[in-house]
Amino acid sequence: MQFSAINGLYEACWFFSGMFLYRMVLSFLNVGYHSLMIKTITDDGLTLARTLVQEVEILLEIKNDIMKDSDFPDEYITTANKLDQNMVSNWKSSLVQKINHAVPGKFKASMEFSSWSEAMQYLRGGKK
């Protein structure tokens, strides 16, 4: 069998086509892997945040009961409760914004929530 320049060019073309196809498949698999990793991290972070919010709400109820038992003025208790609820609400909104901001650009389309209530619905398995 005689080796010619055309056969070598043909084989080189197949080699580079295979390399290109390999890189495309690898890139596709990496996007899938990274997407799954971001989803897992987001789910775990939201679960942790939900638990934290539940604990803070319990602590705020205890604080409210202590203030009532300590004979604080009603308007002071009402003002403190409003401030506490605003603080928790702002923290929830801030957390969702920071999660959405932290996700890399090509994965932003996979974020299925933009508010705390949507995030909690997402955690329960529902869709927007």
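Identify which of Leu59, Leu21, Leu36 has the largest mean-square fluctuation in a Gaussian network model of the chain, with springs joining Cα atoms closer than 10 Å. Among Leu59, Leu21, Leu36, the largest GNM mean-square fluctuation belongs to Leu21.
So what's the back-of-envelope 222 nm ellipticity for the chain, counting only DSSP H runs of four-plus at -39500 (n - 2.57) apiece and dividing by all residues, rounded to 500? If you can, show how the numbers build up before the last one.
Numbers: 3 runs with 102 residues, N = 128.
For the chain, the value works out to -29000 deg cm²/dmol.
GNM on the chain, alpha-carbon springs under 10 angstrom: the most fluctuating residue among Ser117, Ser94, Ser17 is Ser17. Comparing Thr51, Thr42, Thr79 in a Gaussian network model of the chain (Cα springs below 10 Å), the most mobile by mean-square fluctuation is Thr79.
Both radii come from the Cα set of the stretch 37-123: Rg as radius of gyration, Rh as Kirkwood radius; their ratio Rg/Rh reads 1.13. Of the chymotrypsin sites (Phe, Trp or Tyr not before Pro) found in the stretch 1-94, those that fall in a DSSP loop while having at most 14 other beta-carbon atoms within 10 Å are Phe3.
All of the numbers you see were taken from the coordinates with simple rules; none came from a lab. Please read these numbers as outputs of a predicted model, since none were measured by experiment. Cβ: placed from backbone, ideal geometry, glycine included. Neighbour counts: every protein chain shown.
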